[in-house]
Amino acid sequence: MVLRSGPVTSTGFVAGCALAGALILAGCGSSPEPGKPAAAPAAGGAPASAAAAPRANVDGARLAAADTDTQNWLTHGRTYAEQRFSPLKSIDESNVAQLGLAWYYDLGTTRGVEATPLVVDGVMYTTSAWSVVYALDAKTGRELWVYDPQVPKRWGQYACCDVVNRGVAVWGGKVFVGTLDGRLDAIDAATGKLVWEKLTVDQSFPYTITGAPRVVNGKVVIGNGGAEYGVRGYATAYDAATGEQIWRFYMVPGDPAKGFETKELEMAAKTWHGEWWKGGGGGTPWDTFVYDPELNLLYIGTGNGAPWAREIRSPGGGDNLFLSSIVAVNADTGAYVWHYQETPAEGWDYTATQPLMLATLELGGRERRVIMHAPKNGFFYVLDRATGELLSAEKFVPVNWASHVDLKTGRPVEIPSSMYHDKSVIVLPGPLGGHSWNPMAYSPLTGLVYIPAHSSGYPYSTTPQFQRFEGRPNLGMNPSGGPALNASDPLTKTNMAALIAWDPRAAKEAWRITYPSAGSGGVLATAGNLLVEGLIDGRFVVYRATDGKLLWETQAQTGVVAGPITYSVGGEQYIAVSAGWGGINSLVGIRPQGGAPLAQGRVLAFKLGGTATLPPVPQPPPLDPPPPLTASAQTVARGAFVFGQHCQICHGVGAISGGSTPDLRQMSSATHADFDSILLGGSRADRGMVSFSDVVTPEDAAAVHAYLIKRARDDWKGPELAPSP
């Protein structure tokens, strides 16, 4: 690891970094340069005394009382209930127009920034790409220390959805982070030095960690990702003081010949068929955990199956427990208590890993302690959190895979036509789901849940002859997919993106704000009757929570996908967000700001009367014209197939990048010349672009190159190109 600590003496700003040209030259990723000062504005004066000696003095009693600790943001969703509601109201609908930038801090990355910062007694703790951790003075943005776990860049090949990290946990003077390559690191909150480190995965398998840990009863809980790559998901609890493993709960059963860890997994195995364990099974709990201290229950949202295609994963059917489920376990022992499976036998990448939320609602004339969930499958669920009883489940986005959820059985009623095989079927929602990891918020004042929602059809079909590639995505999908939707297709009218205000008591939408494209960020609600959200178009906005009226906006110079927070220092309220375009929406080719150049990732903090300004975003260098296309149409078609199989998961559908990874239509002349050494020789492995020679032949590499030249020429907007021979 690399540690950088101590105050930064420079008072200037670090300029932003344009993506379009720089990424083509830089490869697939970057992390902060060790020892490089990251400047923040001097506005705000000297650091608060708390910031001079950060401690992160957080324990169970303090977290249990977090709702009354209004000045801080102590855990991922602010409190154990994870409602992302703050009682702070110095900034409200009457004065929010006076909001201005107080400070910003450059993160030195052009990859996705998804972290929710924590603030404890005047110190902000946050992360950026490649699992790098930062401690900042929450009043001024002044850097206190930086901890870089030095994740090997080759591990980026296993990150389905960018090399992101969603934040840290704090407890007992330590800051905890899960690293992309599967470690759990405990960092001294005062110095930024490593206290202990545990490898939470078997690194011979392509596991990743992108989610934020949670700490309950002195135990740090962490999950993992990598279902598409062939792993078996689980959650593990470690002693926060020593790092000793306390318990582990597997989300899917393993090889029956090796025995089952618990009787619940033996039960779950009866819902699987074939040799599912050879493909891992999936079920990875890569994001959401929520804790009820009264019931001492930890709720875990589980992931999708591997491969996606159910007939390949589990020939002969079965529900495939505990895929796409909410699983409740005893927080002290990890013992199973109950589960509810939202999408039995899921086959559309319908994870249940989206943020869970606890609340007390009056339903049917009596108060119910509930858990609320808006997962990928497009239904909004309300369950009794003591028993798992389903109380309501209604569509919040367009859905065509199920007609409804039967409240008596708790099961969705699938529409037979949504079952795909070798023939392509358009299903709503597609793999991006109705709601992803971007946090929703609940305001007890309005009684509404605010969901950053989206839905778009996707052509699912199974691969004609499935072949498993170790360490690569194994979806069981035909990479050619099927015919894309065209403008005349009626299903295109159901494509949507919106901030939806949902009434969980009435189980229906109250109102919505429509957006032009999926990809907008998480939501914060406050007692000032405010809703705060970052948008794909680069705006950071504040709405009125009661009706969605726009009250204030500013430009962040990049897409904002993370969840905002609010806190106070010295009696002054701040609203802050980690901004930086990336993640899965970028990797599938969705671009913010109409494709304009983007600033590097930053932490932005606002207050009433703030006067700081952001520097202009540098323009990218001019593009080199693509070379002539000399390959046959058959070769180009083969290249499109191979690209879809191995490349588009990072470089975008149709080779259209969303901006956080290189757009291969815009390769420089030097990159074209080095194409084989990059793709087959791994000459840019130190930047995250590893060799694909184990799955791509030289002939297929040439075909992929031809396909990319064709795409570059098709979309070229520069001077007229010389004709191809």
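The values are calculated or read from the model by the stated rules, or taken from the named source; none is laboratory data. As the structure is a computational prediction, the values presented were derived from the model and not from experiment. With ideal geometry, Cβ positions are generated from the backbone for all residues, glycine too; neighbour counts draw on all protein chains shown.
Conditions tested, residue by residue: (1) in contact with an Asp or Glu (Cβ under 7 Å, 6 or more places away or on another chain); (2) outside any loop (DSSP other than H, G, I, E, B).
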residue	(1), (2)
ALA510	yes, yes
GLY521	yes, no
VAL561	yes, no
ASN585	no, yes
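Residues in the range 123-146 that are under 21 Å from the mean Cα position of the chain (by Cα) and either within 14 Å of GLY192 (Cα to Cα) or not in a loop (DSSP other than H, G, I, E, B) (or both): MET124, TYR125, THR126, THR127, ALA129, TRP130, SER131, VAL132, VAL133, TYR134. Only one of the numbered conditions (1) among the hydrophobic types (A, V, I, L, M, F, W, C); (2) part of a loop (DSSP other than H, G, I, E, B); (3) touching a Lys or Arg at 6+ places or on another chain (Cβ under 8 Å) is violated by VAL636, and that is (2).
Contact map, the range 548-566: first residue in the same structural domain as LEU101 (by TED's automatic domain parsing) and at pLDDT below 95, second residue β-branched (Val, Ile, Thr) and part of a loop (DSSP other than H, G, I, E, B), Cβ cut-off under 6 Å, separation 6 or more or different chains; pairs are GLN557/VAL617; GLY559/ILE536. Scanning the range 434-449 for residues that are of a type in the set (Ser, Thr, Tyr) and farther than 15 Å from ARG505 by Cβ yields one hit, SER436.
How many residues does the range 388-419 hold that are aliphatic (A, V, I, L, M), closer than 19 Å to VAL370 by Cα and in a strand (DSSP E or B)? Before the answer, list the steps.
Quick first cut of the range 388-419, residues aliphatic (A, V, I, L, M) only: 390-391, 393, 397, 399, 402, 405, 407, 413, 415, 419.
Now drop any that are not closer than 19 Å to VAL370 by Cα, which leaves 390-391, 393, 405, 407.
From what's left, in a strand (DSSP E or B): 390-391, 393, 405.
Selection size over the range 388-419: 4.
Is it the case, given these coordinates, that GLY378 is crowded, with 23+ Cβ neighbours inside 10 Å and closer than 23 Å to ALA510 by Cβ? Yes.
Scanning the range 101-112 for residues that are touching a Lys or Arg at 6+ places or on another chain (Cβ under 8 Å), farther than 19 Å from TYR574 by Cα and either in a strand (DSSP E or B) or not small (Gly, Ala, Ser) (or both) yields a single hit, LEU107.
For ALA115, are the conditions met, namely being assigned to a loop (DSSP other than H, G, I, E, B), in contact (Cβ under 8 Å) with a residue 12 or more places away in the chain, touching a Lys or Arg at 6+ places or on another chain (Cβ under 9 Å) and crowded, with 21+ Cβ neighbours inside 10 Å? Break it down stepwise before answering.
Numbers: assigned to a loop (DSSP other than H, G, I, E, B): yes; in contact (Cβ under 8 Å) with a residue 12 or more places away in the chain: yes; touching a Lys or Arg at 6+ places or on another chain (Cβ under 9 Å): yes; crowded, with 21+ Cβ neighbours inside 10 Å: yes.
So ALA115 passes the test.
Tell me yes or no: at least one residue of the range 202-215 is in a strand (DSSP E or B), of a type in the set (Val, Ile, Thr), within 29 Å of GLN83 (Cα to Cα) and touching a Pro at 6+ places or on another chain (Cβ under 9 Å). No, every residue in the range 202-215 fails to be in a strand (DSSP E or B), of a type in the set (Val, Ile, Thr), within 29 Å of GLN83 (Cα to Cα) and touching a Pro at 6+ places or on another chain (Cβ under 9 Å).
Filtering the range 147-185 down to residues that are among the small types (Gly, Ala, Ser) and on the phi < 0 side of the Ramachandran plot, which residue is nearest to the chain's Cα centre (by Cα)? If we take residues in the range 147-185 being among the small types (Gly, Ala, Ser) and on the phi < 0 side of the Ramachandran plot, then ALA159 is nearest to the chain's Cα centre (by Cα).
Here's the yes/no breakdown for (1) crowded, with 20+ Cβ neighbours inside 10 Å; (2) at negative phi:
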site: VAL221; (1), (2): yes, yes
site: ALA227; (1), (2): yes, yes
site: VAL231; (1), (2): yes, yes
site: THR236; (1), (2): yes, yes
site: LYS258; (1), (2): no, yes
site: LEU265; (1), (2): yes, yes
site: GLY282; (1), (2): yes, no
site: TYR291; (1), (2): yes, yes
site: GLU294; (1), (2): no, yes
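If you filter the range 336-380 down to residues that are among the β-branched types (Val, Ile, Thr) and free of Cβ contacts under 8 Å to residues at least 60 places away in the same chain, you find that the one that is nearest to GLY274 (Cα to Cα) is VAL337.
Only residues that are at pLDDT 95 or above and aliphatic (A, V, I, L, M) were counted in the range 472-517, giving 8.
When we screen TRP272, TRP308, TRP277, TRP338 for residues that are part of a helix (DSSP H, G or I) and either touching a Gly at 6+ places or on another chain (Cβ under 7 Å) or more than 27 Å from SER403 (Cα to Cα) (or both), the only hit is TRP277.
Of the numbered criteria (1) touching a residue at least 24 places away in the same chain (Cβ under 8 Å); (2) in a helix (DSSP H, G or I); (3) more than 30 Å from THR463 (Cβ to Cβ), the one LEU598 fails is (2). Can you tell me which residue in the range 635-659 is nearest to TRP155 (Cα to Cα), limited to those that are β-branched (Val, Ile, Thr) and more than 22 Å from the chain's Cα centre (by Cα)? Checked the range 635-659; the qualifying residue nearest to TRP155 (Cα to Cα) is VAL642. Filtering VAL195, VAL252 for residues that are among the hydrophobic types (A, V, I, L, M, F, W, C) and either closer than 16 Å to LEU298 by Cα or in a loop (DSSP other than H, G, I, E, B) (or both) leaves a single hit, VAL252.
Can THR333 be described as surrounded by fewer than 24 Cβ atoms within 10 Å (Cβ to Cβ) and without any contact (Cβ under 8 Å) to a residue 40 or more places away in the chain? Steps first, answer last, please.
Working: surrounded by fewer than 24 Cβ atoms within 10 Å (Cβ to Cβ): yes; without any contact (Cβ under 8 Å) to a residue 40 or more places away in the chain: no.
Against the criterion (surrounded by fewer than 24 Cβ atoms within 10 Å (Cβ to Cβ) and without any contact (Cβ under 8 Å) to a residue 40 or more places away in the chain), THR333 does not qualify.
For the range 535-551, name all the residues that are aromatic (Phe, Trp, Tyr) and either closer than 17 Å to ALA501 by Cα or assigned to a loop (DSSP other than H, G, I, E, B) (or both). First the steps, then the outcome.
Of the residues in the range 535-551, the ones aromatic (Phe, Trp, Tyr) are 540, 543.
TYR543, the sole residue that qualifies.
The set of residues from the range 210-250 being at pLDDT 95 or above and among the hydroxyl-bearing types (Ser, Thr, Tyr) comprises THR210, TYR234, THR236, TYR238, THR242, TYR250. Counting only residues that are in a loop (DSSP other than H, G, I, E, B) and touching a helix residue (DSSP H, G or I) at 6+ places or on another chain (Cβ under 9 Å), the range 295-305 holds 2 of them.
If I ask for residues that are of a type in the set (Val, Ile, Thr) and either within 30 Å of LEU535 (Cα to Cα) or buried (at least 23 other Cβ atoms within 10 Å of the Cβ) (or both), which ones from the range 400-439 would you list?
We begin by selecting, within the range 400-439, every residue of a type in the set (Val, Ile, Thr); these are 405, 409, 413, 415, 425-427.
ILE426, VAL427 - these are the residues of the range 400-439 that are of a type in the set (Val, Ile, Thr) and either within 30 Å of LEU535 (Cα to Cα) or buried (at least 23 other Cβ atoms within 10 Å of the Cβ) (or both).
Quick check on the range 187-206. Is at least one of its residues under 28 Å from GLU346 (Cβ atoms), in contact (Cβ under 8 Å) with a residue 40 or more places away in the chain and not aliphatic (A, V, I, L, M)? If you could, list the steps in order and put the result at the bottom.
Looking only at the range 187-206, we keep the residues that are under 28 Å from GLU346 (Cβ atoms), and these are 200-206.
If we keep only those that are in contact (Cβ under 8 Å) with a residue 40 or more places away in the chain too, we end up with 205-206.
In the following step, the residues that additionally are not aliphatic (A, V, I, L, M) were identified as 205-206.
Checked against the condition, which is being under 28 Å from GLU346 (Cβ atoms), in contact (Cβ under 8 Å) with a residue 40 or more places away in the chain and not aliphatic (A, V, I, L, M), the range 187-206 yields at least one hit.
Cβ-Cβ distances below 7 Å connect the following pairs, each with a first residue in the range 50-77 that is assigned by TED's automatic domain parsing to the domain that holds ASN438 and closer than 17 Å to THR116 by Cα, a second residue that is in a helix (DSSP H, G or I) and at pLDDT 95 or above, and a separation of six or more residues or different chains: LEU74/ARG62; LEU74/LEU63; LEU74/ALA66; THR75/LEU63; THR75/ALA66.
Looking only at residues of the range 313-330 that are of a type outside the set (A, V, I, L, M) and either crowded, with 21+ Cβ neighbours inside 10 Å or in contact with a Pro (Cβ under 7 Å, 6 or more places away or on another chain) (or both), we find that the one that is farthest from TRP286 (Cα to Cα) is SER314.
Does GLN150 meet the test of being touching a residue at least 24 places away in the same chain (Cβ under 8 Å), farther than 16 Å from ILE187 by Cα and polar (S, T, N, Q)?
Criteria not met by GLN150.
Take the residues in the range 336-353 that are surrounded by fewer than 24 Cβ atoms within 10 Å (Cβ to Cβ) and among the hydrophobic types (A, V, I, L, M, F, W, C); name whichever of them is farthest from TYR458 (Cα to Cα). Spell out how you get there, then give the answer.
Step one: filter the range 336-353 for residues surrounded by fewer than 24 Cβ atoms within 10 Å (Cβ to Cβ), giving 336-341, 344-345.
Imposing the further condition that a residue be among the hydrophobic types (A, V, I, L, M, F, W, C) reduces the set to 337-338, 345.
Details: VAL337: 36, TRP338: 33, ALA345: 18 Å.
In this case the residue turns out to be VAL337.
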